[in-house]
Amino acid sequence: MADKRLLLLSNSTNYGGGYLDHALESIAEFLGSGVKEVLFVPYAGVTIAWDAYADKVRGRYEEIGYRVVPIHRTDPIEAVAAAEAIAVGGGNTFHLLKTLYDNDIVGAIHDRVSQGCPYMGWSAGSNVAGPTIRTTNDMPIVEPPSFESFNLVPFQINPHYTDARLPNHGGETRADRLAEFVEANPGVYVAGLKEGSILRVEGRELSLLGEHEARIFRKGDEIRDVRPSESLQFLMDG
């Protein structure tokens, strides 16, 4: 079995920046010259039409030399089987996963990426790279048949991680919510990815790109921040 190659972005747009601005260089370096065409999955889009979503992504990928094929304009099973690379966009994670199941391609994408097909995701598209979507931030606007997702990495991902607390709001923080998750799921790691952060997987090797630390949660462990210069290999080793 070929080594998996993944590029997992916390978000698509940094504050004050343009769409995928912070990631285009990383995407181009990740894909290299061996890929010409990227299969784009817009299923997380709810209030944006999938054609419009695909056009938005196409414009950015064409700037760095890659064609984009929207999966919803093809036979999805055949498209996944033939994909040179796969990109899964952000939006609502529950809507994304339900539509993946509706089209019977959760297993197909897992298998194709396990064969070495490069995978890129941002926001919801990164969350589904983990074993389940149970660390999404999204509202369950639809009900997928399962919370199990692609299981391309052995740890949970929480995109858009923030320590911010709203003024005059006494509700739970993101850290509080993730503490609940690890309490209910002993032994499972969660990586909180701050805005602008990217995880890159090359086989069994994992690296953190960007300027911010990843916040790591596991029951019984102190919550800790890992800088991009430090090793995150323990997440891949379980």
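Table for the structure above
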item: Residues with amide H under 5 Å from that of residue 68, placed H, sequence gap 5 or more; result: 38
item: For the chain, the longest site-free run once GluC sites (Glu not before Pro) in DSSP loop states with at most 16 other Cβ atoms within 10 Å are removed; result: 85-171
item: Size of electric dipole in the stretch 122-238: Cβ of Lys, Arg +1 and of Asp, Glu -1, about Cα centre, debye, nearest 20; result: 20
item: Percentage of interatomic Cα-Cα distances in the stretch 1-99 larger than 21 Å; result: 32
item: Mean residue ellipticity (222 nm) of the chain, computed from DSSP H runs ≥ 4 via -39,500 (n - 2.57), nearest 500; result: -8000 deg cm²/dmol
item: Relative contact order %, the stretch 159-238, counting alpha carbon pairs below 8 Å whose residues are six or more apart; result: 26
item: FRET E, pair residue 226, residue 78, Förster distance 35 Å, beta-carbon r, rounded to 0.05; result: 0.30
item: Nearby lysines by direct alpha-carbon distance to residue 194 (threshold 21 angstrom, same-chain neighbours under 8 apart not counted); result: 219
item: Additional length obtainable on full extension of the chain from residue 236 to residue 181, 0.36 nm per residue less Cα span; result: 17.9 nm
item: Fraction of beta bridges assigned by DSSP in the stretch 11-155 that are antiparallel (%, nearest 5); result: 10
item: Accessible-area composition of the stretch 1-131, carbon plus sulfur, in percent [1.4 Å probe]; result: 49
item: Residue-normalised accessible area of the chain, given per residue in Å² at a 1.4 Å probe; result: 46
item: Relative contact order, percent, the stretch 1-94 [alpha-carbon distance under 8 Å, six or more residues apart]; result: 35
item: Of 76, 131, 145, the one that fluctuates the most in a GNM where the chain has Cα springs shorter than 10 Å; result: 145
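The values are calculated or read from the model by the stated rules, or taken from the named source; none is laboratory data. Just so we're clear, the structure is a prediction, and the values are computed from it rather than from any experiment. Neighbour counts run over all protein chains shown; Cβ positions are idealised from the backbone, glycine included. With ligands, DNA and RNA removed, areas are computed over all heavy atoms of the protein, side chains included. Shrake-Rupley method; radii C 1.70, N 1.55, O 1.52, S 1.80 Å.
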